[in-house]
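The values are calculated or read from the model by the stated rules, or taken from the named source; none is laboratory data. What you are looking at is a predicted structure, and each value in this text was computed from that prediction instead of being measured. The protein model used for the area step is the full one, side chains on, heavy atoms only, and it has no ligands, DNA or RNA in it. Shrake-Rupley method; radii C 1.70, N 1.55, O 1.52, S 1.80 Å.
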Amino acid sequence: MVDIGMSQTFDPIQYVIDQLILLRKERGLSQNDLNTEIGVADRLVSKWECGERRPRFQNLLTWAAALGIDALTIPTTQDQVDETKPKVRCHTH
């Protein structure tokens with residue numbers, strides 16, 4: 001995490017996860033669909049999305065690839081991110 005002042009902290013991994021959640025929803029995929037698509041244990045995507053577990057780097061790459069993007073193209077520094085970071089709430093599907 002990177003300290004951005006005034007008790008706010010920018011977490012680049014969480015930002016990538018937030019973007020992947022938004023993309024999953026835009027593509028109309030459920031968490032179970034994504035579990036199957038990327039070949040991970042049942043409910044693991046839910047645990048990643050809710051912050052119960054952190055995905056390994058390879059899992060982030062696989063998750064992004066399943067959504068048709070390269071995870072390495074997602075901004076990961078505060079300078080690259082707009083001030084209005086998307087707010088994603090945990091919902092299981």
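Leaving ligands and nucleic acids out of the surface, order 72, 22 by accessible area at 1.4 Å, largest first.
Largest to smallest exposure gives the sequence 72, 22.
Can you sort 10, 57 by 1.4 Å-probe accessible area, starting with the largest?
Descending accessible area places them as 57, 10.
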